[in-house]
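The values are calculated or read from the model by the stated rules, or taken from the named source; none is laboratory data. Not measured: the values here are computed from a predicted model. Reconstructed Cβ throughout: ideal geometry from the backbone, glycine too, with neighbour counts over all protein chains shown. Calculation scope for accessible area: heavy atoms of the full protein, side chains included, ligands and nucleic acids excluded. Shrake-Rupley method; radii C 1.70, N 1.55, O 1.52, S 1.80 Å.
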Amino acid sequence: MSQAEAVPAAPAAAARRAPSPLWALSLFRSEVATVFRRWRTLALLGVLAAVPVLVGIAVKIETQDGGSAGQGGAGPAFISQVTNNGLFLVFTSLAATLPFFLPMAIGVIAGDSVAGEASSGTLRYLLVAPAGRTRLLLVKYAATLTFCCAATLTVAASALAVGALLFPLGDVTLISGVTVSFGEGLLRALAVAGAVALSLVGIAALGLFVSTLTGSGIAAMATTVGLLITAQILDQFPQLHAIQPYLFPHYWLSFADLLRAPVYWDQLLDNLGLQALYAAVFGSAAWARFTTKDITA
């Protein structure tokens with residue numbers, strides 16, 4: 001074959017090797033399906049769904065003789081309003097699960113995303129497909145963020161169902177004392193769930209980075225959860241106030257400002273900015289590690 005005849009074949013071969021956008025979407029759907037088919041994922045969602053049930057039953061038992069929930073300031077935020085309006089069980093459950101249960105579940109999924117594939121020996125075969133390491137890493141992160149949304153909505157939906165079953169529903173009195181309709185309260189509950197899901201972006205990126213550092217899924221999950229606990233502890237010491245605004249859990253409970261009229265945006269925006277910073281820093285670190293990593297198994 002002459003050189004002139006071989007030249008047109010090169011672009012065609014390159015086009016055949018380049019993955020199409022539809023193929024990338026198929027890879028994302030496959031990854032999401034894989035994540036949600038695992039028994040570990042279903043167990044995590046089951047535990048998260050059970051938290052509002054336990055909180056709702058505990059409040060119902062405590063208040064059935066005329067007492068009030070959360071006496072003396074004990075218990076999660078908003079718990080004292082649950083008996084008056086079951087919608088507050090959504091806010092209470094999100095406040096109860098956000099410090100540990102939700103981020104722990106995200107840490108498990110994110111930590112296992114790459115390291116789990118490496119430990120099972122499937123990572124090498126995934127890279128044989130025309131995806132490329134960057135595209136595969138983005139798909140892994142997108143699947144983890146999808147789980148963030150699913151986990152948050154699981155807590156919110158379970159709490160709404162239990163709240164409607166055990167307590168009255170009606171107009172919502174916000175923290176600032178303004179009363180809004182139940183429909184607007186539902187919209188604010190959806191906004192709160194969205195803010196909580198976005199609060200988990202940073203721990204998802206951190207877990208993904210840790211997952212690229214080891215070939216053991218268990219080690220990656222344990223390390224991510226350990227970093228979560230460490231950050232939570234550091235955020236409790238007043239002596240460390242200088243570094244606390246840079247810890248990813250610091251503004252997590254700022255979602256309560258969505259229950260004010262008007263909404264206080266300062267800490268909400270600080271939280272979104274901090275999560276975006278963690279996503280950029282640890283996402284870049286994960287990319288740099290994964291694209292240069294020697295994968296032999």
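State the extension gain, in nm to one decimal, for the chain segment bounded by residue 146 and residue 175, taking 0.36 nm per residue of separation less the distance between their alpha-carbons.
7.4 nm
Grab the Cα-Cα distance for residue 269 and residue 43, subtract it from 0.36 nm times how many residues apart they are, and report the gain in nm with one decimal.
78.1 nm
Counting only protein chains, not ligands or nucleic acids, how are 38, 188 ordered by accessible area (probe 1.4 Å), most first?
Highest to lowest solvent-accessible surface, that is 38, 188.
Go through 290, 209 and list them by solvent-accessible area, largest first, probe radius 1.4 Å.
209, 290
With label points built 7 Å along Cα→Cβ from the Cα atoms of residue 100 and residue 239, find their separation and express it in nm.
2.4 nm
If R0 is 30 Å, what FRET efficiency do you get for residue 184 and residue 57 from their C-beta distance, rounded to 0.05?
For R0 = 30 Å, the calculated efficiency reads 0.60.
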